[in-house]
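J.: Quick one: this structure, given as structure tokens, is what I'll be asking you about.
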Amino acid sequence: MHRSGTSSLAGMLDGLGCHGPATPMPKTDANAAGYFESLPVFRLNDAILTALRSRWDDWRPLRPDVHLSPRLAEFHDKARAVIEAEYGDGSLIYLKDPRISMLLPFWRGVLDAGGYRYVYLNIHRSPSEIAASLQRRDEIDPGLSLLTWLSQVLQAERHSRGQVRHFTSYEALLRDPAAVAMAAETAFGFPWPRPAEDGASRVNRALRHHDDGVRAVLEDARVPGLIRQTLEILERWAAQGEQAADHAQLDDIAAAFDEAEGLFAGAMQALRSRSAQLAPTRAREEALKTEKAALEAHLTQATKDKAMLDEHLTQITQARDEALRDCNTAREAQAEAEAHQARQQQELDMLTDRLTQITRARDEALRDRDTALATIRRETIAVTNRAAATEAARQQLEQSRKEAEALSGQLETQRQEFLSSTSWRVSAPVRALGRLIRRR
């Protein structure tokens, strides 16, 4: 059944070394880890169900012999081609799509024709968790999801009975994926290509969004008895292994479900037809809801914009008030500056007058200085002239002195010559007599 943990289980098989499809279904928000299923197989299964006037969430079981319908013959060749294209010559492949629960007889014939030996790995999950998941993802009524769960798990069990198979649960997979891998290995009778721990590492336990628990469903009297009985058997098989004694009870549950389907299928079909008639109204309602949501979003945005504008206006008002205060402050500062400038101008005028007086005094002083300098120059010239005359007189006196010294020298020479002469010696007594006379 959909949302039962089949993607996590297939991811574990991929980690164990099984060969996956060449064209896997892309990841989505509803399954961020990936689906690990073939996109062509998914499309082919949808086409087959459409040809059978059914669909993936149809709670009405397909007839057990539907695979014998000539209408399905046209899909066999397509299915074989898809398997060959998706898996090539892979010796150990895994084929996963929840729709196969409804189409097991068809796919068994395809795999037989391809020479495959196949085993079944069946996983189940609390139907209330599945219903919550489908309601969140696809807005499917939980009551219909419970009917679909019962229908598809019963079909999967009935069409795989007698084959090599192993049952597990989503809770067991999340609790100990390595143990699930080893139990399946034992049931299938062949080893996985890789260690169980490799497969366990591929199971993301954080992806579980709904955790209502199987025990809560089994103890909830509001859950239909057929669902609780089927879940109890699947839980026991997952924990203890398949028990053939339970097959009869499952057949009785399937028979009761088929009988009940006959009782209210007509009413459900009428309801479905009524729903189809109401589809345009619902579409209009959805359109109005979308339009309302858009208007509410627009109103919310407009409210946010208004709040932003109000805040901006408040900021502008505050800025204006601050600017006015700054303007007043500037005016006061300007007035003070003008007064200061007037005082400075007055001081400047006084300084200018003082400077004029100083300039005049300086000019008079300069004129007096120039007059004094002129006088000094004249006196200096006179002094210079006197100095020149003095120097000339000195030089003339020096020349006279030199001439006197030269003349004195000549006289001394002549005197010496005279004293040393004969006449000087002869007249010596006369000179002595003369000195004596002068003494007296």
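J.: Does GLN163 satisfy the criteria of being farther than 20 Å from PHE36 by Cβ, more than 47 Å from the chain's Cα centre (by Cα) and surrounded by 16 or more Cβ atoms within 10 Å (Cβ to Cβ)? Even if it seems obvious, please write down each step before you answer.
T.: On the way: farther than 20 Å from PHE36 by Cβ: yes; more than 47 Å from the chain's Cα centre (by Cα): yes; surrounded by 16 or more Cβ atoms within 10 Å (Cβ to Cβ): no.
It is false that GLN163 is farther than 20 Å from PHE36 by Cβ, more than 47 Å from the chain's Cα centre (by Cα) and surrounded by 16 or more Cβ atoms within 10 Å (Cβ to Cβ).
J.: One residue is enough: does the stretch 133-141 have a residue meeting the conditions open to solvent by less than 40 Å² (accessible area, probe 1.4 Å) and touching a strand residue (DSSP E or B) at 6+ places or on another chain (Cβ under 8 Å)?
T.: Filtering the stretch 133-141 down to residues open to solvent by less than 40 Å² (accessible area, probe 1.4 Å) leaves 133-134, 140.
Those left that are additionally touching a strand residue (DSSP E or B) at 6+ places or on another chain (Cβ under 8 Å): none.
No, because not a single residue in the stretch 133-141 is open to solvent by less than 40 Å² (accessible area, probe 1.4 Å) and touching a strand residue (DSSP E or B) at 6+ places or on another chain (Cβ under 8 Å).
J.: Another one. Give the residues of the stretch 286-324 that are at pLDDT 80 or above, under 30 Å from GLU139 (Cα atoms) and either of a type in the set (S, T, N, Q) or open to solvent by less than 60 Å² (accessible area, probe 1.4 Å) (or both), sorted by residue number.
T.: THR300, GLN301
J.: Is it the case that SER4 is assigned to a helix (DSSP H, G or I) and either in contact with a Gly (Cβ under 9 Å, 6 or more places away or on another chain) or open to solvent by less than 30 Å² (accessible area, probe 1.4 Å) (or both)? Before you say what the answer is, go through the steps one by one.
T.: Details: assigned to a helix (DSSP H, G or I): no; either in contact with a Gly (Cβ under 9 Å, 6 or more places away or on another chain) or open to solvent by less than 30 Å² (accessible area, probe 1.4 Å) (or both): yes.
In short, no.
J.: Then there is this: Which residues, counting only those in the stretch 21-75, are open to solvent by 40 Å² or more (accessible area, probe 1.4 Å), outside any helix (DSSP H, G or I) and under 26 Å from ASP89 (Cβ atoms)?
T.: Result: ALA22, THR23, PRO24, PRO26, PHE36.
Per-residue answers, yes or no, for (1) touching a residue at least 60 places away in the same chain (Cβ under 8 Å); (2) in contact with a helix residue (DSSP H, G or I) (Cβ under 7 Å, 6 or more places away or on another chain):
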residue: LEU218; (1), (2): no, yes
residue: ALA221; (1), (2): no, no
residue: GLN229; (1), (2): no, yes
residue: GLU235; (1), (2): yes, yes
residue: ALA238; (1), (2): yes, yes
residue: GLU242; (1), (2): yes, no
residue: ASP252; (1), (2): no, no
residue: ALA256; (1), (2): no, yes
residue: ALA260; (1), (2): no, no
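J.: Here are some residues: ILE123, ILE130. Which one is touching a residue at least 40 places away in the same chain (Cβ under 8 Å), touching a His at 6+ places or on another chain (Cβ under 8 Å) and either buried (at least 17 other Cβ atoms within 10 Å of the Cβ) or under 15 Å from ARG3 (Cβ atoms) (or both)? Don't jump to the end; show me each part of the working.
T.: Working: ILE123 fails: touching a His at 6+ places or on another chain (Cβ under 8 Å).
So the residue among ILE123, ILE130 that is touching a residue at least 40 places away in the same chain (Cβ under 8 Å), touching a His at 6+ places or on another chain (Cβ under 8 Å) and either buried (at least 17 other Cβ atoms within 10 Å of the Cβ) or under 15 Å from ARG3 (Cβ atoms) (or both) is ILE130.
J.: I need the full set of residues from the stretch 76-108 which are open to solvent by 20 Å² or more (accessible area, probe 1.4 Å), closer than 14 Å to PRO24 by Cβ and assigned to a helix (DSSP H, G or I), in order please.
T.: VAL82, ALA85
J.: Hey, another quick one. Could you tell me which of the residues ASP220, ASP251 is in a helix (DSSP H, G or I), at pLDDT 80 or above and under 26 Å from ALA131 (Cβ atoms)?
T.: Values: ASP220 fails: in a helix (DSSP H, G or I).
Step by step, each of ASP220, ASP251 is checked, and only ASP251 is in a helix (DSSP H, G or I), at pLDDT 80 or above and under 26 Å from ALA131 (Cβ atoms).
J.: Continuing with this model, one more query. Would you please list the contacts, defined by Cβ atoms under 6 Å and residues six or more apart or on different chains, that run from a residue in the stretch 11-38 that is at pLDDT below 90 to a residue that is of a type in the set (Lys, Arg) and surrounded by fewer than 22 Cβ atoms within 10 Å (Cβ to Cβ)?
T.: Note: pairs meeting the criteria are ALA30/ARG137; GLY34/LYS27.
J.: Could you check the stretch 120-162 and list, in sequence order, the residues that are among the polar types (S, T, N, Q) and part of a helix (DSSP H, G or I)?
T.: We begin by selecting, within the stretch 120-162, every residue among the polar types (S, T, N, Q); these are 122, 126, 128, 133, 135, 145, 148, 151-152, 155, 160.
Selection gives SER128, SER133, GLN135, SER145, THR148, SER151, GLN152, GLN155, SER160.
J.: Sort out which residues of the stretch 174-214 are in contact with a strand residue (DSSP E or B) (Cβ under 9 Å, 6 or more places away or on another chain), modelled with pLDDT under 95 and open to solvent by less than 20 Å² (accessible area, probe 1.4 Å), and write them in order of number.
T.: VAL214
J.: Consider the stretch 85-120. How many of its residues are free of Cβ contacts under 8 Å to residues at least 12 places away in the same chain and of a type in the set (Gly, Ala, Ser)?
T.: Final tally of qualifying residues: 1.
The values are calculated or read from the model by the stated rules, or taken from the named source; none is laboratory data. All of these numbers come straight from a predicted model, not from anything done at the bench. All Cβ positions, glycine included, derive from the backbone under ideal geometry; neighbour counts span all protein chains shown. These area figures cover heavy atoms from the full protein model, side chains too; ligands, DNA and RNA do not enter into them. Shrake-Rupley method; radii C 1.70, N 1.55, O 1.52, S 1.80 Å.
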